[in-house]
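Structure first, then comments.
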Amino acid sequence: MTVSQPNMFSGIPVENSDGTISIFCTLPQMADALANDWPSDGPMFLAALAALVGERVGRCSTRDVHRAFIAAALEADCLPDSYMKN
């Protein structure tokens, strides 16, 4: 039997400015990443923030947040190459 945990995903790796990789698995982790030193403030960044708020009020699914976070990471050019190959 598999028990799913709410607001959990397979990890999304993000390359930090110092070259280290952080893995984000939960919505709170994603929110913290976007709120603290995210390397871009473009439209995908704003869409990811909006998706997080939307999930909190029941207008977006957790899958929507996951996709928006990946799009924001692509926009910021901080997804590692190894993630892009998968």
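Structure data summary
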| item | result |
| --- | --- |
| Extreme residue, farthest from Asp64 (Cα to Cα), among residues of region 6-50 that are more than 11 Å from the chain's Cα centre (by Cα) and of a type in the set (D, E, K, R) | Asp18 |
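Residue by residue, here is whether (1) modelled with pLDDT of 95 or more; (2) open to solvent by 70 Å² or more (accessible area, probe 1.4 Å); (3) in a helix (DSSP H, G or I) holds:
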| residue | (1), (2), (3) |
| --- | --- |
| Ile12 | no, no, no |
| Asp37 | no, yes, no |
| Met44 | yes, yes, yes |
| Ala48 | yes, no, yes |
| Leu52 | yes, no, yes |
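The values are calculated or read from the model by the stated rules, or taken from the named source; none is laboratory data. All values derive from a computational prediction rather than experimental measurement. Accessible surface is based on the protein model in full, side chains and every heavy atom, while ligands, DNA and RNA are left aside. Shrake-Rupley method; radii C 1.70, N 1.55, O 1.52, S 1.80 Å.
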